[in-house]
1. In the list Gly166, Gly158, which residue meets the criterion of being touching a Ser or Thr at 6+ places or on another chain (Cβ under 9 Å), without any contact (Cβ under 8 Å) to a residue 60 or more places away in the chain and either surrounded by 16 or more Cβ atoms within 10 Å (Cβ to Cβ) or part of a strand (DSSP E or B) (or both)?
2. Which numbered condition in (1) closer than 28 Å to Ala88 by Cβ; (2) modelled with pLDDT of 95 or more; (3) surrounded by 19 or more Cβ atoms within 10 Å (Cβ to Cβ) is the only one that Ala254 fails?
3. What number of residues within region 281-316 satisfy the criterion of being hydroxyl-bearing (Ser, Thr, Tyr) and either farther than 15 Å from Trp350 by Cα or not assigned by TED's automatic domain parsing to the domain that holds Gly361 (or both)?
4. Tell me, yes or no, whether region 104-111 has at least one residue that is in the same structural domain as Arg211 (by TED's automatic domain parsing), over 23 Å from Arg372 (Cβ atoms) and surrounded by fewer than 24 Cβ atoms within 10 Å (Cβ to Cβ).
5. In this structure, is Ile191 assigned by TED's automatic domain parsing to the domain that holds Lys142, farther than 27 Å from Tyr380 by Cβ and surrounded by 22 or more Cβ atoms within 10 Å (Cβ to Cβ)?
6. Please verify whether region 49-56 includes one or more residues that are modelled with pLDDT of 95 or more, over 17 Å from the mean Cα position of the chain (by Cα) and assigned to a strand (DSSP E or B).
7. Among Leu64, Leu6, which is the only one that is of a type in the set (A, V, I, L, M), exposed (fewer than 15 other Cβ atoms within 10 Å of the Cβ) and under 21 Å from the mean Cα position of the chain (by Cα)?
8. Can you pull out the residues in region 9-41 that are closer than 14 Å to Leu73 by Cβ, of a type in the set (Asp, Glu) and either surrounded by fewer than 12 Cβ atoms within 10 Å (Cβ to Cβ) or under 21 Å from the mean Cα position of the chain (by Cα) (or both)?
Amino acid sequence: MTEFSLELNEDQLQIQKWVHDFAENVMRPEAHEWDEREETPWPIIKEAAKIGLYSFDFVANCFLDPTGLLMALVNEEMSWGDAGIALAIFGSTLAVAGIYANGTPEQQGEWIPQCFGTPDDVKLAAFGVSEPDAGSDVSSLKSRAVYDEAKDEWVLNGTKTWITNGGIANTHVVVVSVDPELGSRGHASFIVPEGTPGISQGQKFKKMGIRASHTAEVVLDDCRVPGRCLLGGKEKLDERLARAREGKRTSTQAAMATFEGSRPFVGAQAVGIARAAYEYALEYAKERKQFKRAIVENQAIAFKLADMKTHIDAARLLCWRAAWMARTGKKFESGEGSQSKLFAGETAVWVTEQAIQILGGYGYVREYPVERWHRDAKIYTIFEGTSEIQRLVIARAISGVHVK
């Protein structure tokens, strides 16, 4: 058992600095350009792959950290560099989390490395749950998987939306319904390998923020995948469906298993954005003079900065706690994963807004980065479970009541 400690070890500190240097020297100088272009920053992804930052080995090393904190550290530093580029680089890890949460050891060994490829042949992966009529309400998925026993194939049909790397990914992991009458208990996760006929990109979305990250619809049209692409295998699925039909308790839903494990790391991304805005605003307040003195000498500004720093540190601690609990097998009794994502996401929105206020007119123009950070921050109260859904999860956990 790994005891909790707020003191980072030497390996963690070295990796944190290595990632920070990449964020500072490679990502930040290019952040404005890729935000304006609204395109996937392939040169930066390839540079990350070249140094081993975007790789199966590195991500595995992060997830295997016995404290659970390393992935949170990495996500914070990357989003401190630029959240859009960070999601372009690490968007594949959500698919990895889906495979890890729902796949057999053999499937994990086969498919997770394919989510990254190699430095000479970089690959991307995507994870698809949301649909045009099913966002927060994952029980309403209309996409279907029907088993063709004669060919040992699953036939997938439906449309996924808001998918990071959707359509441009080499490997897609999708959550679809195999038994609509069971609602969310009738879902299963499937791998759609590269080159599979019947999968295509639909609409690409033009977004308010994180614009260097590709977000699009994924259309499944009689998309056939081999039986081995059902994560967890058919025997396990049949057992789970049988229990559900009998009204017995089933294991964690396919989508929720993925999101629960990833929420502290998504929260850490929000912390990175908030920290970037706070640091910029602090330096600006020290240098900006009005009425013959630095504006930081005014309580109105200094107290604002004090609150920003306090909120950021509190958000980071919530993310670290949830990451540590998840890694050490401690049960989330009070929705701790949701707490971390909720507080960090709302902190990022609030802190970046305060940063704009401190910079005044300069905070509102694109020549300064704080307006981009504010635009980037907002998605953290929406994706991977809105703030309202996080509150619902927490409320149900602390009350034992099925709050609606």
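The values are calculated or read from the model by the stated rules, or taken from the named source; none is laboratory data. The shown structure was predicted, so the numbers you read here are calculated from the model rather than taken from an experiment. Because the Cβ atoms are built from the backbone with ideal geometry, glycine has one as well, and the counts that use them run over all protein chains shown.
1. Working: Gly158 fails: without any contact (Cβ under 8 Å) to a residue 60 or more places away in the chain.
On inspection, the qualifying residue turns out to be Gly166.
2. (2)
3. Summing the residues that are hydroxyl-bearing (Ser, Thr, Tyr) and either farther than 15 Å from Trp350 by Cα or not assigned by TED's automatic domain parsing to the domain that holds Gly361 (or both) in region 281-316 gives 1.
4. Scanning region 104-111, I find no residue that is in the same structural domain as Arg211 (by TED's automatic domain parsing), over 23 Å from Arg372 (Cβ atoms) and surrounded by fewer than 24 Cβ atoms within 10 Å (Cβ to Cβ), so the answer is no.
5. Considered against the rule, which asks whether it is assigned by TED's automatic domain parsing to the domain that holds Lys142, farther than 27 Å from Tyr380 by Cβ and surrounded by 22 or more Cβ atoms within 10 Å (Cβ to Cβ), Ile191 comes out as yes.
6. There is no residue in region 49-56 that is modelled with pLDDT of 95 or more, over 17 Å from the mean Cα position of the chain (by Cα) and assigned to a strand (DSSP E or B).
7. Every option except Leu64 fails the conditions.
8. Glu10, Asp11
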